[in-house]
1. Can you list the helices (runs of 4 or more DSSP H) found entirely within the stretch A:42-127 that contain at least 1 residues being surrounded by 23 or more Cβ atoms within 10 Å (Cβ to Cβ) and more than 10 Å from every other protein chain (Cβ to nearest Cβ)?
2. So the check is Cβ under 8 Å with 6+ separation or different chains; which pairs have a first residue in the stretch A:79-91 that's touching a residue at least 40 places away in the same chain (Cβ under 8 Å) and a second one that's of a type in the set (A, V, I, L, M)?
3. Look at A:Leu212 and say whether it is open to solvent by 30 Å² or more (accessible area, probe 1.4 Å), modelled with pLDDT of 85 or more, part of a helix (DSSP H, G or I) and away from every other protein chain (no Cβ under 14 Å).
4. Please work out if B:Glu53 is within 30 Å of A:Val76 (Cβ to Cβ), open to solvent by 90 Å² or more (accessible area, probe 1.4 Å) and more than 38 Å from the chain's Cα centre (by Cα).
5. Looking at the stretch A:240-271, which of its residues are more than 16 Å from A:Phe90 (Cβ to Cβ) and among the aromatic types (Phe, Trp, Tyr)?
6. List the number of the failed condition for A:Thr258; all other conditions in (1) out of contact with any helix residue (DSSP H, G or I) (no Cβ under 7 Å at 6 or more places or on another chain); (2) in a helix (DSSP H, G or I) hold.
7. Can you tell me which residue within the stretch B:1-29, out of those that are under 20 Å from A:Arg66 (Cβ atoms) and more than 7 Å from chain A (Cβ to nearest Cβ), is nearest to the chain's Cα centre (by Cα)?
Amino acid sequence: MSAAPETSAEYIEHHLTNLTYGQHADGHWGFAHSAGEAADMGFWAINVDSMLFSIGLGVLFLWSFRKAARTATTDVPGAWQNFVEWVVEFIDESVRGSFSGKNPLVAPLALTIFIWIFMINAMDLIAVDWLPWLAGLMGVGHLKVVSSADPNVTFGMSLTVFALVLNYSVKIKGLGGFFGELAFQPFPKWMAPINLLLEGVTLISKPLSLSLRLFGNMYAGEMIFILIALMYGGSIAMGALGGLLQLGWAIFHILIITLQAFIFMTLTIVYLDMASQEHH
Amino acid sequence: MNFNATLIGQSITFIIFVWFCMRFVWPPIMLALQQRKERVAEGLAAGERGKHELELARKKALETLHEAKQQAAEVISRAEKRGAEIVEEAKNEAVEEGGRVKAAALVAIEQEVNRAKETLRGQVVEIATAGAGRILKRELDATANDELIKDLVAQI
């Protein structure tokens, strides 16, 4: 921590600020030292911590799964291969259950989403102060470990999924078919404007709900961890209570991080399925 | 919530990851799973086949055993019959042979008896003649003794 935060508000704010690299107001490039400075950098700045953690975890995921894939044999599988196969079969089953069409993209997409988000979320279980403290020792001011508590990350994924949805909608239903689906239901054709409005909202809500749900859950979870961590600063009794609470919340959070990854994956499959289905 | 270029960076990263997963991770694992499934199915089928074959072999073995038993029984009964026949034949032959031997012996005995009779008769005649001679010498009553001698000779 750069300048040891004193008040609770500062502590919380410090923990919820990304390490942002961008152009300062005076024109030079560098890391932002506060949330305000980061906001002033405008769009052309980048949250280095979010990128590092998400890419690092993604690479870890792909590397380890690739290892299992390369050595995959039909003989008795090893422990890791067994686990990977279990996950893959689980994803495959989910995709088969929800996606009616045939598309070689959907299953790998679902696998990537599930494991990647799960791993990113799982960073939440590391005590909130450890990694920022280590980073502080190395002279890095801010560090937000849970990338999915950064809306940029969740929106980056959900917008990509949305682009895929639009792409397949147009590709499979045709531009006219897609427009028809938006304009000519649920009400008769002459009410097209109202239909457009309703269906437009439905359409836009897909990426919004995807990313905001994940972001909101992880942000709130992180916030609660931070609040619990604040208790360690109080008396011994408060600290002990805090420890107990943290343990309980962490155990509960294991459920949340898995559930959120699963929901993101399942909704992606469902949205893509809807995009691939032709209505007549 | 302030949005910045991280959004774009994340999207690109995401696309690359999905592409990599789709290209290098998913297909080999699915292939391995598919192949293992086939192998397991094959193994199960082979097991089923083996069981079936075992059942057939067991049936065949039972049949063969049964047949062998029947054949053995047949052989034994034939052998018994043949044995009985041989015994019968031997018995008949023995009886025949015995008859032959007995007949020969009877003939020989008869011949011997006749010969002995002849010899005896001769000797009796000699003795009788000698006896007669001696009697004649003593009594000289040839006519009285003649009848006696005849009697003697007839008795022999």
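1. A:48-70, A:106-122
2. The qualifying pairs are A:Ile91/A:Ala107; A:Ile91/A:Ala110; A:Ile91/A:Leu111; A:Ile91/A:Met265.
3. The answer is no for A:Leu212.
4. no
5. Within the stretch A:240-271, A:Trp249, A:Phe252, A:Tyr271 meet the criteria.
6. It fails just one condition, (1).
7. For the stretch B:1-29, the residue satisfying everything is B:Pro27.
To keep it simple, each residue is scored yes or no on (1) over 30 Å from A:His14 (Cα atoms); (2) among the hydroxyl-bearing types (Ser, Thr, Tyr); (3) touching a His at 6+ places or on another chain (Cβ under 6 Å); (4) modelled with pLDDT of 90 or more.
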| position | (1), (2), (3), (4) |
| --- | --- |
| A:Glu89 | yes, no, no, yes |
| A:Arg96 | yes, no, no, yes |
| A:Ser100 | yes, yes, no, no |
| A:Ala107 | yes, no, no, yes |
| A:Ile115 | no, no, no, yes |
| A:Ala135 | no, no, no, no |
| A:Val145 | no, no, no, no |
| A:Ser148 | no, yes, no, no |
| A:Val153 | no, no, no, yes |
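The values are calculated or read from the model by the stated rules, or taken from the named source; none is laboratory data. Keep in mind that what you see is a predicted model, and the values were worked out from it rather than measured. We place every Cβ from the backbone using ideal geometry, glycine too, and count neighbours over all the protein chains shown. Heavy atoms of the whole protein, side chains included, go into the accessibility calculation; ligands, DNA and RNA do not. Shrake-Rupley method; radii C 1.70, N 1.55, O 1.52, S 1.80 Å.
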